[in-house]
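A.B. asks: To start, I am sharing the structure in question, which I have written as C-alpha cells.
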Amino acid sequence: MVWTSLHAQIHRTIRHRQLFAPHEHLLVAVSGGQDSLCLIKLLLDLQVKWKWKLAIAHCDHGWRQDSHDNADHVKNLATIWDLPFHLEIATEPVDSEGDARNWRYRVFREIAEDYGYKYIVTGHTSSDRAETLIYNLIRGTGADGLQSLTWQRSMGEKTMLVRPLLEITREQTGKFCQDLDLPVWVDSTNQNLQYPRNRIRQQLLPYLAANFNPQVESHLSHTAELLRAEVEYLEQVAHQLRLQALTKCENGDLRLNRHLLKQQPLALQRRVMRQILQEALPQT
C-alpha cells in the first residue's frame, strides 16, 4: 500500500471529527467517478488501521446507454477488492437532479437498514460544497441551505450519512486517482450543460476564479463550514427554546406559549416553528 499525504489527512479528519469508530460497518456510495474511487481506495487502505467492514453501493439511473456498463465496472472493482456489492436500478425515469439525488439517498438508506450498515459514506468534496452553496443561493435559501453539505447528518434512527472528503478538492481526488492508476469511469452526463450544477462547475466557477478571485472555490467551501457551525448553534438554542415554549395539556395536545416565543429574535422564532413542524409532519 502506498501511504500518501491524502491518506494521512483523511485519517486525521476521521479521528478528529469522530466521523466513525473502529470496527463499524460502512456502506460506500461508488459511482465509478474520481471522487468516489478516491474515497473507497482511501477507506480500503485505512481499513488496516480501523478494522472497518466495507461494502459498495451503486445506483443505475438508466440515464445513459452505458449506465449498465458503468454498473458492471463498479461491480468488477468490488469483486477485485473482495467487497460486498449492492446495485439498485431505477425502474422509472428520474427526471431531475433533485429527484435523482432523493432516489439515491432513499436507496442507500434502505440498503443500509436491510444489511445493518450504520454509516453511508459519500465522496462529496469541498468543490461540491462550493457548487452547492452557489446552487442553493441562486435558487433562494437561508443559512441552512448554504451549508447543506455537512460532515454528518441523520438518515433515520439507525443510519448516518458521512462525507469525509469535504476538505479535499476535486483536483486532489483526480491527482490521487491518476497517481495510483485507478480506473476512473467518465460519466458523460457531467458534461451536459442542461444541468445547472454542470454549468456552475464548468462555466460560473471558472469565470469567478478568472475575474474575481482565483481562490473562490476554497473560500466558498470555507464559508459553508463557518455557516455549518452557526446553524448548529442556532438549532441547539432553538431546541432549548422549543422545550420551554411547548407544554403538554392533560388531553395530550401540545400548547405553544406564543408570548414567550414573540419575545425572542425572529430567527429563533422561525427555527422553533420549523422544528415543531418537522416533528409533527410525516417524513418522506
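A.B. asks: Once the dipole of the chain is set up with Lys and Arg at +1 and Asp and Glu at -1 on Cβ about the Cα centre, which of LEU182, GLY156, LEU42 lies farthest towards its positive end?
C.D. replies: The one lying farthest along the dipole's positive direction is GLY156.
A.B. asks: Taking the Cα centre of the range 68-227 as origin and charging only Cβ (+1 Lys, Arg; -1 Asp, Glu), how large is the dipole, in debye to the nearest 20?
C.D. replies: Around 420 debye, computed over the range 68-227.
A.B. asks: Give me the tail of P(r) for the range 21-130 as a percent: Cα-Cα pairs with distance above 22 Å.
C.D. replies: 30
A.B. asks: To the nearest 500 deg cm²/dmol, what mean residue ellipticity at 222 nm is calculated for the chain from DSSP H runs of n ≥ 4 alone, each contributing -39,500 (n - 2.57), summed and divided by the residues?
C.D. replies: -17000 deg cm²/dmol
A.B. asks: Sort out the exposed loop chymotrypsin sites (Phe, Trp or Tyr not before Pro) in the chain (DSSP loop, at most 12 other Cβ within 10 Å) and tell me the longest stretch that has none.
C.D. replies: Here the longest segment lacking exposed loop sites spans 4-211.
A.B. asks: Once R0 is set to 45 Å, what does the formula 1/(1 + (r/R0)^6) return for the Cβ-Cβ distance between HIS259 and ASP82, expressed as a FRET efficiency to the nearest 0.05?
C.D. replies: Plugging the Cβ-Cβ distance into 1/(1 + (r/R0)^6) gives 0.10.
A.B. asks: Dividing the convex hull volume of the alpha carbon atoms of the chain by its residue count, what do you get in Å³ per residue?
C.D. replies: 162
A.B. asks: Keeping every protein chain present and rolling a 1.4 Å probe, give me the accessible area per residue for the chain in Å².
C.D. replies: Per-residue value: 57 Å².
A.B. asks: Specify which residue in the list LEU87, SER67, TYR115 is farthest towards the positive end of the charge dipole of the range 52-159, using unit charges on the beta carbon of Lys, Arg (+1) and Asp, Glu (-1), about the Cα centre.
C.D. replies: Toward the positive end, the furthest listed residue is TYR115.
A.B. asks: Net charge near ALA209, counting Lys/Arg +1 and Asp/Glu -1 over other residues with Cβ under 14 Å of its Cβ?
C.D. replies: -1
A.B. asks: Here's something else I'd like to know. Of the lysine pairs in the chain, how many meet both conditions: Cα atoms under 14 Å apart, and a spacing of 8 or more in sequence or different chains?
C.D. replies: Number of lysine pairs found: 5.
A.B. asks: Tell me, what ³J(HN,Hα) does each residue in the range 255-269 have, in order and in whole Hz, if you take phi through Karplus 6.51 cos²θ - 1.76 cosθ + 1.60 with θ = phi - 60° and put x for Gly and Pro?
C.D. replies: Residue by residue, the range 255-269 yields 10, 9, 7, 5, 4, 5, 5, 5, 6, 8, x, 4, 4, 6, 4 Hz.
A.B. asks: Taking only Cα atoms, what is the 0 to 90° angle, nearest 10, from helix 126-139's long axis to the longest principal axis of the chain?
C.D. replies: Once rounded, one gets 50 degrees.
A.B. asks: To continue, here is another question. Quantify, in whole percent, the carbon and sulfur part of the accessible surface of the chain (1.4 Å probe; protein heavy atoms only).
C.D. replies: 50
A.B. asks: Separate question: Just to be sure I understand: with springs between alpha-carbon atoms less than 10 Å apart, which residue in VAL272, VAL28, VAL162 has the highest mean-square fluctuation in the Gaussian network model of the chain?
C.D. replies: Greatest mean-square fluctuation among the candidates belongs to VAL272.
A.B. asks: Just for the chain, what percent of DSSP beta bridges are antiparallel, to the closest 5?
C.D. replies: Taking every DSSP beta bridge within the chain, about 25 percent pair in antiparallel fashion.
A.B. asks: Cα atoms only, the range 78-227: Rg and Dmax in Å?
C.D. replies: Considering the range 78-227 through its Cα atoms, Rg and Dmax are 16.7, 49 Å.
A.B. asks: Something else: Hey, could you pull the Cα Rg and Dmax for the range 110-185, both in Å?
C.D. replies: 15.0, 41
A.B. asks: Right, here's the next one. Using only the alpha-carbon atoms, how far is helix 170-179 inclined from the longest principal axis of the chain? Give it as 0 to 90 degrees, nearest 10.
C.D. replies: Its long axis makes an angle of about 30 degrees.
A.B. asks: Moving on. Expressed in whole Å with the largest first, what are the equivalent ellipsoid semi-axes of the range 201-284 derived from the C-alpha gyration tensor as the square root of 5 times each eigenvalue?
C.D. replies: 40, 14, 10
A.B. asks: Can you tally the net charge around VAL162? Count Lys and Arg as +1, Asp and Glu as -1, for every other residue whose Cβ sits under 11 Å from the Cβ of VAL162.
C.D. replies: Result for the local shell: +3.
A.B. asks: If you place +1 on the Cβ of every Lys and Arg, -1 on the Cβ of every Asp and Glu, and leave all else neutral, what size is the dipole of the chain about its Cα centre, to the nearest 20 Debye?
C.D. replies: Here the chain has a charge dipole of around 1080 debye.
A.B. asks: Then there is this: Rounded, prolate or oblate: which fits the range 244-284, taking a ≥ b ≥ c as square roots of the Cα gyration tensor eigenvalues, rounded meaning a/c under 1.5, else prolate when a/b beats b/c?
C.D. replies: It comes out oblate by the Cα gyration axes.
The values are calculated or read from the model by the stated rules, or taken from the named source; none is laboratory data. Quick caveat: nothing in here was measured; it's all calculated off a predicted structure. Every residue, glycine among them, receives a Cβ derived from its backbone with ideal geometry; neighbour counts consider all protein chains shown. With ligands, DNA and RNA removed, areas are computed over all heavy atoms of the protein, side chains included. Shrake-Rupley method; radii C 1.70, N 1.55, O 1.52, S 1.80 Å.
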